[in-house]
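The values are calculated or read from the model by the stated rules, or taken from the named source; none is laboratory data. None of the values given here were measured: they were computed from a predicted structure. A quick note on method: Cβ atoms are made from the backbone with ideal geometry, for glycine too, and the neighbour counts reach across all protein chains shown. We work out accessible area using only protein heavy atoms, side chains counted, and drop any ligands, DNA or RNA first. Shrake-Rupley method; radii C 1.70, N 1.55, O 1.52, S 1.80 Å.
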Amino acid sequence: MASALNMGQALRLWRDLHLDLVRDEHPDLTARQIAIMLTVYLDPPPHTVRALAEKLGVTKPVITRALDSMGKEGLIGRRRDPADRRNVLIQRTVKGSLFLEHLSDLIIRHAEKAQS
């Protein structure tokens, strides 16, 4: 079992992880966008704008703006719910899955480094 990080180790891990994220070729996402991505990819579907707004404690326009940016990068897809055309369903994409795989690899690498 891994030991807990102290404050300095945790903050250095977070800084170094973010430095890698802003330096690499992958999209540079905000904390809100990461929270949306992780919710969509880790929690079972369906995901709607309304449900994401409730879960994150923000308004629907905030979610829509974040989805617009992530959609342009190909990280998230959207389509109308065929059962209720008023709802927009948020969909996972291959590019989004690959982005989160890259993110998890970075987290693991930095966590192992912080533990050594």
*asked:* With a 1.4 Å probe and all protein chains left in place, how much of the accessible area of the chain comes from carbon and sulfur atoms, in whole percent?
replied: 56 percent
*Where the chain is the region considered: accessible area per residue in Å², 1.4 Å probe*: 66 Å²
*Would you tell me the accessible area of residue 112, worked out with a 1.4 angstrom probe on the heavy atoms of the protein chains, in Å² to the nearest 10?*
120 Å²
*Hey, what's the Kirkwood Rh for the stretch 38-90 if you take every pair of different alpha carbons, in angstrom?*
11.3 Å
*Straight distance only, please: which aspartates and glutamates reach the Cα of residue 113 with their own Cα at less than 13 Å, same-chain residues fewer than 8 apart left out?*
16, 105
_Farthest toward positive dipole pole in the stretch 62-116 [+1 Lys/Arg, -1 Asp/Glu at C-beta], among 74, 96, 110_ = 74
_Table column - 3J(HN,Hα) (Hz), the stretch 103-116, Karplus curve with 6.51, -1.76, 1.60, x for Gly and Pro_ = 4, 5, 4, 5, 4, 4, 4, 6, 5, 5, 5, 5, 7, 8
*Determine the relative contact order of the stretch 3-113: mean sequence separation of Cα pairs under 8 Å and six or more apart, normalised by residue count, in whole percent.*
26 percent
*Partner lysines for residue 72 [C-alpha distance under 25 Å; skip if fewer than 8 residues away on the same chain]*: 55, 60, 95
*What's the percent breakdown of Cα-Cα distances in the chain across 10 Å bins, shortest bin first?*
12, 40, 29, 15, 3, 0
